[in-house]
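Peer 1: Dropping a structure here in structure tokens format, bear with me for questions.
The values are calculated or read from the model by the stated rules, or taken from the named source; none is laboratory data. Bear in mind the structure is a predicted one, so any value in this text is a computation, not a measurement. Neighbour counts run over all protein chains shown; Cβ positions are idealised from the backbone, glycine included. When the accessible area is computed, the model is the full protein with side chains, heavy atoms only, and any ligands, DNA or RNA have been set aside. Shrake-Rupley method; radii C 1.70, N 1.55, O 1.52, S 1.80 Å.
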Amino acid sequence: MPPLSDLENLFSLRLLPGVYPLTEAHQQAGQQPDNLCGPYWVALLLRSHGFAVTAEQVAQIAGTVLPVGDPSLWLPAGAPSRQNYSLTLPTTASLKDAGTSAMGLQRAVQKITSGAYALLPVQAAWTGDRLLEVLRLCQDQPHWQVVPLANLRTGHFWGSRLAVSAALGYLNGASIHSPPPADWDVGHFLVLAGLVAGQTRSLTWVCDTYPQFGWQGYHLQPAEAVAAALNRGDGWGGGILLFSAAEHQGEMEQQLSAKGFSLELWDNGSPQP
């Protein structure tokens, strides 16, 4: 590994402008409640913009259904179960019939903020380049203050504890023939926080709902792995929900449509509200 004094010449880290207000709320919140990853993020996003709301309140509006059974069926290895919910939510004995839909989260944001904020759905035949197009657009339009909330399948990821030496090597052209395997394989919501750019490649800076992943919930993923996770490959839909003030949605829609992205909601297999 190179001396620390040389690291600034090997890579640069850029958080998306809209992510900065979210970072403190994310650290204070800690681990998500079981099966509330989508409502967890929406609650954090809204709290960081002055709305006093809990993940359970978001889940209630979004039509979330909780599974009952052995928590090891839905938790990553080593994570404690958190089921001290502040509200009673609908349950099901079938894990495949549980969860939160993208439509439900969109409606929750609209209702809680009375239309002041919104989630804009973005779909594509995802590749690493198409993912980077979205992230760079969010970076290049700081007045949007966008936070990309990705709905994907985690089994396509690299493991969250990629060695620093491996990450630096990858950013600067080295191949990683055997990346660490994914920590788990579930449908999930997480934030795409920014990019780490090296001399020849970049890595996506992911903000997750379990502090045990990576560095206090932040971990690095190649754009191609995130693209595969968005495509899912399990028969269900995935995509990115762009959180921003509603006043910017028209401009965002125009620019994304011009780049060939589809602005339609998807069915991730969870109950619709």
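Peer 1: Taking into account only those residues within the stretch 123-140 that are within 25 Å of A25 (Cα to Cα) and touching a helix residue (DSSP H, G or I) at 6+ places or on another chain (Cβ under 8 Å), which is most open to solvent (accessible area, probe 1.4 Å)?
Peer 2: Restricting attention to the stretch 123-140, the residues satisfying the condition of being within 25 Å of A25 (Cα to Cα) are 134-140.
When the remaining residues are screened for being touching a helix residue (DSSP H, G or I) at 6+ places or on another chain (Cβ under 8 Å), the result is 134, 137-139.
Values: V134: 2, L137: 17, C138: 5, Q139: 33 Å².
So the residue we want is Q139.
Peer 1: Additional query: Can you go through A43, A93, A102, A108 and tell me which one is open to solvent by 50 Å² or more (accessible area, probe 1.4 Å) and of a type in the set (A, V, I, L, M)?
Peer 2: The unique qualifying residue is A93.
Peer 1: Sticking with this structure for a sec: If the requirement is being under 15 Å from P76 (Cβ atoms), open to solvent by less than 20 Å² (accessible area, probe 1.4 Å), β-branched (V, I, T) and in contact (Cβ under 8 Å) with a residue 12 or more places away in the chain, which of these qualifies: T204, T209?
Peer 2: Checking each option against the conditions leaves just T209.
Peer 1: Could you tell me whether the stretch 253-264 includes any residue that is modelled with pLDDT of 95 or more, acidic (D, E) and more than 11 Å from the chain's Cα centre (by Cα)?
Peer 2: For the stretch 253-264, residues modelled with pLDDT of 95 or more, acidic (D, E) and more than 11 Å from the chain's Cα centre (by Cα): present.
Peer 1: Also: If I filter the stretch 56-90 down to residues being hydroxyl-bearing (S, T, Y) and under 15 Å from C37 (Cβ atoms), which single residue comes out as surrounded by the fewest Cβ atoms within 10 Å (Cβ to Cβ)? Don't jump to the end; show me each part of the working.
Peer 2: In the first step, residues of the stretch 56-90 are kept if they are hydroxyl-bearing (S, T, Y); the result is 64, 72, 81, 85-86, 88.
Imposing the further condition that a residue be under 15 Å from C37 (Cβ atoms) reduces the set to 64, 81, 85.
Numbers: T64: 26, S81: 13, Y85: 16.
Taking the candidates together, the pick is S81.
Peer 1: Between a residue in the stretch 40-59 that is in a loop (DSSP other than H, G, I, E, B) and any residue that is open to solvent by 50 Å² or more (accessible area, probe 1.4 Å) and not basic (K, R), which pairs come within a Cβ distance under 6 Å, given they are 6 or more apart or on different chains?
Peer 2: Close Cβ pairs (under 6 Å, with a partner that is open to solvent by 50 Å² or more (accessible area, probe 1.4 Å) and not basic (K, R)) amount to S48/P21; T54/S86.
Peer 1: Would you point out which residue out of Q216, Q249, Q272 is surrounded by fewer than 20 Cβ atoms within 10 Å (Cβ to Cβ), under 20 Å from V42 (Cα atoms), of a type outside the set (D, E, K, R) and under 18 Å from the mean Cα position of the chain (by Cα)?
Peer 2: Criteria check complete, one pass: Q216.
Peer 1: While we're looking at this one, here's another question. Going by what's in this entry, would L195 be described as within 17 Å of L44 (Cβ to Cβ) and either under 11 Å from the mean Cα position of the chain (by Cα) or open to solvent by 20 Å² or more (accessible area, probe 1.4 Å) (or both)? Break it down stepwise before answering.
Peer 2: Details: within 17 Å of L44 (Cβ to Cβ): no; either under 11 Å from the mean Cα position of the chain (by Cα) or open to solvent by 20 Å² or more (accessible area, probe 1.4 Å) (or both): yes.
Answer is no for this residue.
Peer 1: Follow-up. May I ask you to list pairs of residues, at least six apart or on different chains, whose Cβ atoms are under 8 Å apart, with the first in the stretch 114-128 being assigned to a loop (DSSP other than H, G, I, E, B) and the second being at pLDDT 95 or above and among the hydroxyl-bearing types (S, T, Y)?
Peer 2: Cβ pairs passing all conditions: A124/S262.
Peer 1: Hey, could you check the stretch 162-184 for residues that are surrounded by 15 or more Cβ atoms within 10 Å (Cβ to Cβ) and over 16 Å from Q199 (Cα atoms) and say which is farthest from the chain's Cα centre (by Cα)?
Peer 2: P179
Peer 1: Another one. Give me the pairs: first residue in the stretch 245-273 and closer than 30 Å to S94 by Cβ, second residue in a loop (DSSP other than H, G, I, E, B) and aromatic (F, W, Y), beta-carbon distance under 9 Å, and six or more apart or on different chains, which are they?
Peer 2: W266/W236; D267/W236; N268/W236; G269/W236; S270/W236
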